[in-house]
1. Could you check which residue among B:Ala23, B:Ala144, B:Ala310 shows the biggest mean-square fluctuation in a GNM of chain B with a 10 Å Cα cutoff?
2. Which whole-number percentage describes the relative contact order of region B:204-430, with Cα contacts under 8 Å and a sequence gap of 6 or more?
3. Number of Lys pairs in region B:204-430 with C-alpha atoms less than 30 angstrom apart, excluding same-chain neighbours closer than eight positions?
4. Can you give the net charge of the other residues whose Cβ lies under 13 Å from the Cβ of A:Gly53, counting K and R as +1 and D and E as -1?
5. Could you tell me the ratio Rg/Rh of region B:174-248? Both radii from Cα atoms, Rh via Kirkwood.
6. Please report how many Lys pairs in region B:56-185 have alpha carbons closer than 13 angstrom, counting only residues at least 8 apart along the chain or sitting on separate chains.
7. Can you sort B:Ile247, B:Ile169, B:Ile181 by how many other beta carbons sit within 10 Å, fewest first?
8. Pairs of Cα atoms under 8 Å, at least six residues apart: use those to get the relative contact order of chain B, whole percent.
Amino acid sequence: MSATKTQSNDTNTAKIACSDVHVFYADKEAIKGVDLNIKEKQVTALIGPSGCGKSTFLRCINRMNDTIDICRVTGNIQLDGQDIYAPEVNVVDLRADVGMVFQKPNPFPKSIFENVAYGPRIHGLASSKADMANIVEQSLIRAGLWEEVKDRLDQPGTGLSGGQQQRLCIARAIAVSPSVILMDEPCSALDPIATSIVEELIDELRQNYTIVIVTHSMQQAARVSQETAFFHLGEIVETGATEEIFTNPKDPRTESYITGRIG
Amino acid sequence: MTDMSNTPEGAARKKRTAKRYAAEKRFEYIGLAAVLSAALFLVILLWTIVGNALPALTYNYVKIPIDLTTEKLTAENAGSFDYRKIVRNGIYEAVPGVKGRKDRKKLRGLVSSGAAVELRSEVSENPQWIGTKQDIYLPLSDTADLYLKNLMGDITRPEAERKFSDIEIKWTDQLKEQGKIESRFNSIFFTHGASREPEMAGIWGAVVGSFLTLLVTLVLSVPVGVGAAIYLEEFAPKNKLTGFIEININNLAAVPSIVFGLLGLGFFLNGVYLGWFTLGGGFPRSAAITGGIVLALMTLPTVIIASRAAIKSVPPSIREAALGIGASKVQATFHHVLPLAMPGILTGTIIGMAGALGETAPLLLIGMVAFIVDIPGGFTEPATVLPVQIFMWADFPEIGFQQKTAAAILILLCFLIAMNAIAVWLRNKFERRW
């Protein structure tokens, strides 16, 4: 293990505790033993150059890697003290608790209402039609989209602009009331204005959710996150408070990346 | 930028550009020529088929006095009575003064041999006619009909070379002048089953047979084919076994259809004797159910391949979106992937069905080529299908069957166009943007 721990997180307060996580694509080792504690109701940014494994690691937390045939995960990831790779864990329930927002906005080709209502419906969260309408409204309000779409809930979600689509995807994720939201470069397909709206939203969501965000934008990590983990070649080089990492990096590789010499 | 056109390099470049544009134009014209020639052949094809088929849509009927006063005919036996003699006397009365056995036989032949059957069904429907005399229109013989439609060829040929003699021409002209011959819509063609007599032969038996057979094919091949495609695309592990299955499905799509006919004959009709019991066998010969199963086996690879392509073309982001909010794999597949793949699946299904509709070879082997007069009333009854009917009629020597063949082809084409129209409609209904 060459990862230099600059700050030892207290495992007891960690929402998600990962230790010695390895991910293999067939024979290729993409993640080489990662230890990371993610704090509750904080935004943790995973940064690093392309192909360093940050997205792969993110997808371990809600077991999205299970859908890739050749992908194999070893190690221990605990969510609220429960090993999520334990055989008794139902992956469907896990993904309801750990929501995900993807790089490219991917609303269902259905109405805006249906997009948000789908999750609660399959999990049986709404007891009546009015209840469902309420869940949809609350989710859209939290995602900051309600005012823009309240008059056209029956129109296709794919008809919205890119930034609106991404916020619709966030609304869809929070409709099933998760405790963690994973975001995989949520702004990389958006223009600067839409990006700033989504970033503000992320900051608000922090009050209720634990957020892990993968980003290749250093500025974004600096703006939205409290904690940062720097990935390089499948390993965590440095973790710590965002301010600390950006102003006073301990590892020379972190410094090189932040100042733009590698990546 | 400096003007290069006067330098040697500039001239060479100009030449290359001109050559490139010329090549582009050439390609455009070749493409246009290909499309136009294809369109021309299509027009010629349709022209000949429609031209040949149109005469089959009408038929000439002759009005003859029918005497239903005989005591032997009652309301009870109206449906089984032999009307041949009544028809015979009617035509003698309509063309009076014909003496001699030979001439009278010829005169009788002017009316269709199926006229008695037609009369029987008319009298059964109108029992109040029994005991009265009626003027009834009955179908002429096929030769007389062809003569009236000018389809007998050269009438000025020596009598011995014609199927329609001088005296028959005289009688027919005479009846025509008296206004006793009427050209009517050929309802016999659209309501009857097969017959050896061209004028009594109809397409309805084959239409019903095709419909029943295709229904069996559809019900079997779509659920199995789409199910197999979903399993292979979404659930099956990618290993050597599934790879082997995939290769086999692709190969099956290229197997000649007659081989499927042999399979039907060997397995469904005869069965495979395994020493102590027979596997398969016992399916009814010439029946829509057996034909449908064989065609379903033949269509399956097409449906599977098209459905897999359609499922594969659904963006993976949709699957991830569904899985990401905790949908199970089955939910993600049936709620999101399948609806988006539906247009492609439907197109593949219709292509498979259209292939099955036009298929002849495998059905010949399981006996659907049999000469079946009755309209099939169910899946297990002997039936034939449109392309087999066309094949059989094309083989018959009577000139009257030529128009029937063309008309049957036209109906087969209408069937195909209707199926395609349904496919387009369904596709537009299911098509959604994302």
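Bear in mind these aren't lab numbers, they're just calculated from the coordinates by the rules spelled out. All values derive from a computational prediction rather than experimental measurement. Here the Cβ positions follow ideal geometry from the backbone for every residue, glycine too, while neighbour counts run over all protein chains shown.
1. Sorting by GNM fluctuation, first place goes to B:Ala23.
2. 30 percent
3. Working: B:Lys238/B:Lys312; B:Lys238/B:Lys329; B:Lys240/B:Lys312; B:Lys240/B:Lys329; B:Lys312/B:Lys329; B:Lys312/B:Lys429; B:Lys329/B:Lys429.
Qualifying lysine pairs in region B:204-430: 7.
4. Details: positive: A:Lys28, A:Lys32, A:Lys54, A:Arg59; negative: A:Glu29, A:Asp184, A:Glu235.
Value of the local net charge: +1.
5. 1.48
6. Number of lysine pairs found: 8.
7. Numbers: B:Ile247 10, B:Ile169 16, B:Ile181 20.
Starting with the residue having the fewest Cβ neighbours, the order is B:Ile247, B:Ile169, B:Ile181.
8. 18 percent
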